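The values are calculated or read from the model by the stated rules, or taken from the named source; none is laboratory data. Every value quoted in this text rests on a predicted model; they were computed, and no experiment measured them. Neighbour counts run over all protein chains shown; Cβ positions are idealised from the backbone, glycine included. For accessibility, only protein heavy atoms count, side chains too; no ligands or nucleic acids. Shrake-Rupley method; radii C 1.70, N 1.55, O 1.52, S 1.80 Å.
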Amino acid sequence: MTDYTVEFVSTGDTITVSDKETILSRCLEEGIAQEYSCRVGMCLACSAKIVEGDVTQPAARGLSERESEEYALTCMARPLSDLKIDRGKYPPSIEADGGQPAPADD
Ligand code: FES
């Protein structure tokens, strides 16, 4: 198990997240006010823009492959490096669709 630092750029909050847990689960344990709803990678409520670093999120079905390179669904995403993320930022597909989640790539 490896621990990584996750910094929320908008607030400066920093937490430690292992590569075995999701960013959201650690936020909930640490009392960080990260939004979420479905917790299964579909609704995008927990989206954050990846400013720096890498995550793995193979079950983030609400994101296209390209979106998953720039955005993390924190309910599914586990860190692969130290991270800087900007929570409450959503992929352009959801912004352009009046707030409706993008269809999953199947
Ligand atoms: S809470 Fe729904 S995608 Fe993360």
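Provide, for q = 0.18 Å⁻¹, the log10 of I(q)/I(0) from a solvent-free Debye sum over equal Cα point scatterers in the chain.
Once normalised to I(0) and log-transformed, intensities are -0.76.
Write down the accessible area per residue of the chain in Å², having rolled a 1.4 Å probe over the full set of protein chains. Can you show the working numbers first?
Values: 5720 Å² over 106 residues.
Result: 54 Å² per residue.
Connecting C-alpha atoms closer than 10 Å in a GNM of the chain, tell me which of Thr22, Thr11, Thr74 has the biggest fluctuation.
Thr11
Quick one: pull the percent of accessible area on the chain belonging to carbon and sulfur, 1.4 Å probe, ligands and nucleic acids left out.
Ligands and nucleic acids excluded, carbon and sulfur reach 44 percent.
Taking the Cα centre of the chain as origin, work out the dipole magnitude from +1 charges on Lys and Arg Cβ and -1 charges on Asp and Glu Cβ, in debye rounded to 20. Please report the intermediate quantities before stating the final value.
Details: 10 positive and 20 negative charges, 46 e Å.
Value, rounded to 20: 220 debye.
Mind checking which of Ile94, Tyr4, Ile32 is farthest towards the positive end of the stretch 3-96's charge dipole, using Cβ charges of +1 (Lys, Arg) and -1 (Asp, Glu) about the Cα centre?
The listed residue farthest towards the positive side: Ile94.
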